[in-house]
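Read-outs throughout are calculated quantities, based only on the coordinates presented, and are distinct from any laboratory measurement. Remember, predicted model here, so these are calculated numbers, not experimental data. Neighbour counts run over all protein chains shown; Cβ positions are idealised from the backbone, glycine included.
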There are 2 protein chains.
Amino acid sequence: MEQIEEMAKRVTDLLDEKKYHELKELMAELEPADVALIFEESDKARLALLFRILAKEQAAEVFVELGSDMQEMLIYDFSDSELREVLEELYLDDTVDIIEEMPANVVKRILRHSEPGTRQSINELLKYPKYSAGSIMTIEFVDLKKNMTVEDAFTRIRRTGLDKETVYTCYVTDENRVLLGLVSVKDLLLADNSKTLEEIMETNIIYVNTLEDREQAAKIFEKYDFLAIPVVDNENRLVGIITVDDAIDVIQEENTEDIEKMAAIVANDKPYMKTGVFENFKKRIPWLLVLMLSATFTGKIINMFEQSLSACVILTVFIPMLMGTGGNSGGQTSVTVIRGMSLNDIEMRDIFKVIWKEIRVSLLCGITLAVANFIKMMLVDRSDIIASGQDPLSITIVVCITLIVTVFCAKLIGCVLPMLAKKLGFDPAVMASPFITTVVDAISLFVFFNIASLILNI
Amino acid sequence: MEQIEEMAKRVTDLLDEKKYHELKELMAELEPADVALIFEESDKARLALLFRILAKEQAAEVFVELGSDMQEMLIYDFSDSELREVLEELYLDDTVDIIEEMPANVVKRILRHSEPGTRQSINELLKYPKYSAGSIMTIEFVDLKKNMTVEDAFTRIRRTGLDKETVYTCYVTDENRVLLGLVSVKDLLLADNSKTLEEIMETNIIYVNTLEDREQAAKIFEKYDFLAIPVVDNENRLVGIITVDDAIDVIQEENTEDIEKMAAIVANDKPYMKTGVFENFKKRIPWLLVLMLSATFTGKIINMFEQSLSACVILTVFIPMLMGTGGNSGGQTSVTVIRGMSLNDIEMRDIFKVIWKEIRVSLLCGITLAVANFIKMMLVDRSDIIASGQDPLSITIVVCITLIVTVFCAKLIGCVLPMLAKKLGFDPAVMASPFITTVVDAISLFVFFNIASLILNI
């Protein structure tokens, strides 16, 4: 990042000195993603000027990497012919991604300046639901026919490959565009030039449907080492491909979404620095409200035992520790189980194995914590308890037993709730720490007061 | 997954009926990752038999995909010549990954049966620190010389490519193996056959050092759309490459690690279903202990205000709600900031922008929650408060003001602590919800009792 800042400074200097040629050469050496970062650092007023200095092909590649706010600014600045030039260089899936972020008037302008054929494809692509495989696929791939020879295939790749996002996996289709097989360029390179594709193509193909969840598509890349996977429609016709670089973006977005859900945030896919205050508020307030109101039950439990509490106020001192430990224990388990399910490490049929494992882990944790707490209370809290007129040993035993029971319940709930959620078709990530904490809070207090009443006779 | 279970059943049936030939054909059609899953489902006693049915090349690919426990079982079963055959087919980086998980006697046996050259390379690779770029690289890549023509390059790729993990990015090195440039097969395909590599190669290369963190290498794949990146030593000599499929594995492992740290778990990279009870206990107990003991401070605060609490026990009813809301608010912010930093969306120099944004979001959230809580307390808790002999309006006002202050502090701490941790060189993920909750618990109680003393005169 420091390099980028240095670069941005140098770019500003060259711009000030009007050394445009030198600037163009400097930027030509950089990766588009880095040029975009430099642009983001630079004075917005000179954005259009900077952009115009770029070589034509690089300009389009940089444009794709920019944030949607900067893309919008640039489009407003573009003349019609400049807009057309950039659009011509873009891959279709990138154009569609850009369009999805733009206000309606910009979208209209983009569509007006696209070639009629392109415009139709854009409109087709825009119809795929958000988060579907269709919405992230590219329609620029190399398609071949089964009776072509290896040599024919190379000729076709050479002729059409420049405009394709990947040439390394080529798809063999029949006259109705139904997917028959695939050949990799590696296979082609290592095969005899006179062989036909039918002889060498791979026919056991893993593919996704356009309407499938994009997360499913990304999971295929996690499991198998593919560079691209084909996307077919309901008639098994090849309509596009998903490339591994787009899959990585999906993997990271889905991870962010899971992490946000686990932290009781309503997920959206905008980066933090580009999310406004009100948008952030809207992402966070729903769960805060729900969890706050559901804490009413915990309050009710305390209220039920108000008499006992009045008789023994010192018990209150241990409520935060018990609730905290319960929440943390449950959170550990739920997050582990949710992540395990999302990585396909834990399956629904493993539920009893998981429960049995968590029972043993929870007992180990609970007993260790109880022992540590016993020592700590005897050393630290003893005098406070005596000062409040209670027997330190009894109070300590109440707290320790509650700890063991709470950790046990927390870990059990922490594994059962997410799996239950998945079984019922909900997203298990929502069942993470904050939700579990609220449930465990109520349980731990209920256990605490009952054990206290029993042992202390209050 | 259901398909896999069905398949596993069919495999067992065919095995029972001794239809080995049919079985071999069935499995030849499947992806190695799927065959591995079927093996994991099958009877362990027949694992070696099943494995021997596979075709030689597929056998090695399946072996790589198996869990380390099954690999170990198989190696014990292998004859020396079987072990040699599998080892010959494996890519070196995979062999090294397998060795790293094996007990010493198995490692010795593997090394004894590797070719002398391979053995040396394995030993070299084993020296790279865990989590370094060197530890995940492969040393099987295509290297070319700059005076080669495009045609020469293709000849060399055809001759050596079969054993390379990727042929699509080729590396141009000088006589001292110093990296000069790279050419993609796409560039080669689209270039004139008589051009030299020097004319067409890309010389602005993004690479990593062997000792760099593997996470840095993975981040390069997130940022740029590469299929492989070169790994060089301190003398800029090319020693290996990292391919995109390995980068995806690293991305997922690092994500899991972050998620676990955020849930107060000591991260390790073993999947849940293969982690024993005691190992799970060891991952979880450290933070549970630390957080439990640090809750002592919260207890001390309550103890400080014991007199006020005795005078007004109804206040206890709202402690869980205040602590919960504070923890959730802080957790939302800290998790958002930690994720933003890990995706390079939030940089250290953004700290004041982040604080300013969080201040506004926290006020919006705090006021909304206070209003909702006001209504809820007036409707639900009013009678309980009256029954306890207190004035409902005063108590409600105390709770609502505390809510606003708590949410404000929680969100401020939630963004400052992780960024501070990063600045000081610690992993910010540790500063997530559980840690923040403990800090916020103490603050919210302190605020609560002080406001209560002030307004209620207790």
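Given +1 on the Cβ of Lys and Arg, -1 on the Cβ of Asp and Glu, and no further charges, what dipole in debye does the stretch B:272-456 carry about its Cα centre, rounded to the nearest 20?
Values: 15 positive and 11 negative charges, 117 e Å.
Charge dipole of the stretch B:272-456: 560 debye, to the nearest 20.
Using the Cα centre as the reference, give the magnitude of the dipole from point charges on the C-beta atoms of chain A (Lys, Arg: +1; Asp, Glu: -1; all else neutral), rounded to the nearest 20 debye.
Working: 46 positive and 72 negative charges, 467 e Å.
My answer is approximately 2240 debye.
Per the Debye calculation on chain B with a single equal scatterer at every Cα and no solvent contribution, log₁₀ I(q)/I(0) for q = 0.06, 0.08 Å⁻¹ amounts to -0.44, -0.70.
Using a Förster radius of 41 Å, what is the FRET efficiency between residue A:68 and residue A:25 based on their Cβ-Cβ separation? Nearest 0.05, please. List each step's numbers first, then the result.
Details: r = 29 Å, r/R0 = 0.70.
My answer for the efficiency is 0.90.
Here the gap between residue A:88 and residue A:52, fully extended at 0.36 nm per residue and compared with their Cα-Cα distance, gives a gain of 11.4 nm. Within straight-line reach of residue B:186, meaning a Cα separation under 13 Å, sit the following aspartates and glutamates at least 8 residues removed in sequence or on another chain: A:163, A:165, B:202. According to the square roots a ≥ b ≥ c of the eigenvalues of the Cα gyration tensor, what is the shape class of the stretch A:2-127, taking rounded for a/c under 1.5, prolate for a/b larger than b/c otherwise, and oblate for the remainder? Taking the square roots of the gyration eigenvalues as a ≥ b ≥ c, the stretch A:2-127 is prolate.
Convex hull over the Cα atoms of the protein assembly as shown, averaged projected area in nm²? Don't skip to the end; give the middle numbers.
Details: hull surface 167.8 nm².
Dividing the Cα hull surface by four gives the mean projection, 42.0 nm².
If you take every DSSP beta bridge fully contained in the stretch B:143-260, what fraction is antiparallel? Give it as a percent rounded to 5. Percentage antiparallel, nearest 5: 75.
Each of A:430, A:341, A:408 was placed along the dipole of the stretch A:272-456 (beta-carbon charges, centred on the mean Cα), and the one lying farthest toward the positive end is A:341.
Based on DSSP H runs of at least 4 residues, each adding -39500 (n - 2.57), what is the mean residue ellipticity at 222 nm of chain A after dividing by all its residues, to the nearest 500 deg cm²/dmol? Let's see the in-between values first.
Working: 23 runs with 301 residues, N = 458.
That calculation yields -21000 deg cm²/dmol at 222 nm.
Residue separation of residue B:310 and residue B:190 scaled by 0.36 nm, minus their Cα-Cα distance, works out to 34.8 nm of gained length.
Relative to the longest principal axis of the Cα atoms of chain B, the long axis of helix B:116-126 lies at roughly 10 degrees. Other protein chain C-beta atoms within 10 Å of residue C-beta, averaged over B:306-319: 5.
Using 31 Å as the Cα-Cα cut-off, could you pick out the over-long pairs in B:283/B:353; A:19/B:423; A:164/A:219; A:127/A:283? Could the numbers behind the result be given before it?
Working: B:283/B:353 36 Å; A:19/B:423 37 Å; A:164/A:219 24 Å; A:127/A:283 26 Å.
Cα-Cα > 31 Å for B:283/B:353; A:19/B:423; rest within.
Put a plus charge on the Cβ of each Lys and Arg, a minus charge on the Cβ of each Asp and Glu, and nothing anywhere else: the dipole of the stretch A:174-232 about its Cα centre is then about 160 debye. Taking a point 7 Å from the Cα of residue A:158 along the Cα-to-Cβ direction, the residues of the stretch A:188-215 with backbone N closer than 15 Å to it are A:189, A:193-194.
What FRET efficiency would be calculated for the residue pair residue B:427, residue A:211, taking the C-beta separation as r and a Förster radius of 30 Å, to the nearest 0.05?
Efficiency computed from Cβ-Cβ geometry: 0.15.
Indicate the gyration tensor shape class of the stretch A:128-181 (rounded, prolate or oblate), computed on the Cα atoms with a ≥ b ≥ c the square roots of the eigenvalues: a/c under 1.5 is rounded; otherwise a/b larger than b/c is prolate and the rest oblate. Cα axes put the stretch A:128-181 in the oblate bin. Ranked by the mean number of other Cβ atoms within 10 Å of their residues, highest first, the peptides B:300-308, A:213-221 fall in the order A:213-221, B:300-308. For residue A:144, the residues 5 or more places off, or on other chains, whose built amide H falls under 5 Å of its own are A:171, A:172, A:173. Extension gain, residue B:236-residue B:453: 0.36 nm per intervening residue step, less the Cα-Cα distance, totals 71.3 nm. With the charge dipole of chain B set up from +1 on Lys and Arg Cβ and -1 on Asp and Glu Cβ about the Cα centre, the Cα lying farthest toward the positive end among the listed residues B:217, B:242, B:455 is that of B:455.
P(r) tail, the stretch B:272-456: Cα-Cα pairs separated by more than 25 Å, 43% of all pairs. The mean number of partner chain beta-carbon atoms within 10 angstrom of a residue's beta-carbon across peptide B:152-165 is 1. Starting from the Cα gyration tensor of the stretch B:375-458, take the square roots of the eigenvalues, sort them a ≥ b ≥ c, and report rounded, prolate or oblate (rounded when a/c is under 1.5, otherwise prolate if a/b is larger than b/c, else oblate). Judged from the Cα gyration tensor, the stretch B:375-458 comes out prolate (a/c at least 1.5, a/b above b/c).
Ranking B:169, B:123, B:148 by Cα position along the charge dipole of the stretch B:88-174, where only Lys, Arg, Asp and Glu carry charges on their C-beta atoms, puts B:123 farthest toward the positive end. Each part reduced to its alpha carbon centroid, the stretch B:239-310 and the stretch A:265-319 end up 22 Å apart.
Average partner chain C-beta neighbours within 10 Å, per residue of B:426-433? The partial results should precede the final answer.
Values: counts 0, 0, 0, 0, 0, 0, 4, 11.
Mean inter-chain Cβ contacts per residue within 10 Å come to 2.
Extent along the principal axes, Cα only, for the stretch A:99-196: 53, 25, 23 Å, with the longest axis given first. Of the chymotrypsin sites (Phe, Trp or Tyr not before Pro) found in the stretch B:262-304, not one falls in a DSSP loop while having at most 12 other beta-carbon atoms within 10 Å. Residue-normalised convex hull volume from the C-alpha trace of the stretch B:143-260: 100 Å³ per residue. Extending 7 Å from the Cα toward the beta-carbon at both residue A:41 and residue B:176 defines two label points whose distance is 3.1 nm. The residues A:109, B:339, when put in order of fewest to most other Cβ atoms within 10 Å, stand as A:109, B:339.
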